[in-house]
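Presented below is the structure to which this report refers.
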Amino acid sequence: MLTYFIADLHLSDDRPDIIRAFLDFIEQQAPKADALYILGDLFEFWIGDDDKTPVAKQVELALKALSDSGVPSYFIHGNRDFMVGKAYAKRCGMTLLEEEKLVDLYGKKVLILHGDTLCTDDVGYQEYREVTQKLWLRRLFLLLPLFVRQRIANKIRSKSKQANTSKSLGIMDVNQQAVEQRFAEQPIDYMIHGHTHRPEIHQLALSGTKYRVVLGDWYQQMSILSVDTNGLVLTANGQAQKLELGQ
Ligand code: MN
């Protein structure tokens, strides 16, 4: 009885070491789990299921083998790989989930999401997100030849890097009201997300004790969250944080 969560691997062909770490995890650890949840930004960028990069194929084969062995995997889009489509998900044998999903984990109600929708203080990013969420624009983008999409993606990435270096760390973190709103709207025991690359188990004093669990990235932290009937263990940078979940 064990469920794994990972996020923000930012896999790309530039970083074979991270790809190797991911493949090791999928081949050695993940088969022991009941399920694997990938909470976004599995890929550094994604410009269409027809972009046949080596990393896309490696990940596909690994996830398909995991699924064939009886471990289901679920995927929530991140802000980098929001274009991952049904065709690719099907090849991986993984299920695409909506951007915020309520799941039952060993009797606890848990909201899972990538986390970017909580960062409401970053107005520039939220405006960009609104544009990229438009379905007609996505369809139009996918009609462009691959090399044009690659150029556009490179431009957006370098612009986003420039913008983020001038933003304060506070702006790029979650907004507390956005977090509390989620807990007020639904009967949730805890929330699990990534995106901010700040691994932590936050305890919140709302109506009852609630928890917000933040996954770290894989570029530096190799962060994994494992949840079982006793509680959860968040690892990042070789350090483990534990939370026991009472009845
Ligand atoms: Mn992200």
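The values are calculated or read from the model by the stated rules, or taken from the named source; none is laboratory data. A quick note: this is a predicted structure, and the numbers were derived from the prediction, not measured. So basically every Cβ, Gly included, is an ideal-geometry build from the backbone, and we count neighbours across all protein chains shown. Accessible surface is based on the protein model in full, side chains and every heavy atom, while ligands, DNA and RNA are left aside. Shrake-Rupley method; radii C 1.70, N 1.55, O 1.52, S 1.80 Å.
Summary of values
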| item | result |
| --- | --- |
| Residues (within 16 Å of the chain's Cα centre (by Cα) and either more than 24 Å from Leu63 (Cα to Cα) or more than 14 Å from the ligand (Cβ to nearest atom) (or both)) located in the stretch 93-111 | Met94, Thr95, Leu96, Leu97, Glu98, Glu100, Lys101, Leu102, Val103, Val110, Leu111 |
| Given (1) of a type outside the set (A, V, I, L, M); (2) assigned to a strand (DSSP E or B); (3) open to solvent by 60 Å² or more (accessible area, probe 1.4 Å), number of the condition Tyr4 does not satisfy | (3) |
| Conditions (1) open to solvent by 10 Å² or more (accessible area, probe 1.4 Å); (2) out of contact with any Leu (no Cβ under 8 Å at 6 or more places or on another chain); (3) not β-branched (Val, Ile, Thr); number of the one not met by Tyr88 | (1) |
| Restricting the stretch 73-85 to residues that are surrounded by fewer than 20 Cβ atoms within 10 Å (Cβ to Cβ) and out of contact with any helix residue (DSSP H, G or I) (no Cβ under 7 Å at 6 or more places or on another chain), the residue that is nearest to Leu113 (Cα to Cα) | Tyr74 |
| For Ala163: the one exception among (1) open to solvent by 50 Å² or more (accessible area, probe 1.4 Å); (2) free of Cβ contacts under 8 Å to residues at least 40 places away in the same chain | (1) |
| Filter result for Gly70 (surrounded by 15 or more Cβ atoms within 10 Å (Cβ to Cβ), part of a loop (DSSP other than H, G, I, E, B), on the phi > 0 side of the Ramachandran plot and more than 16 Å from the ligand (Cβ to nearest atom)) | no |
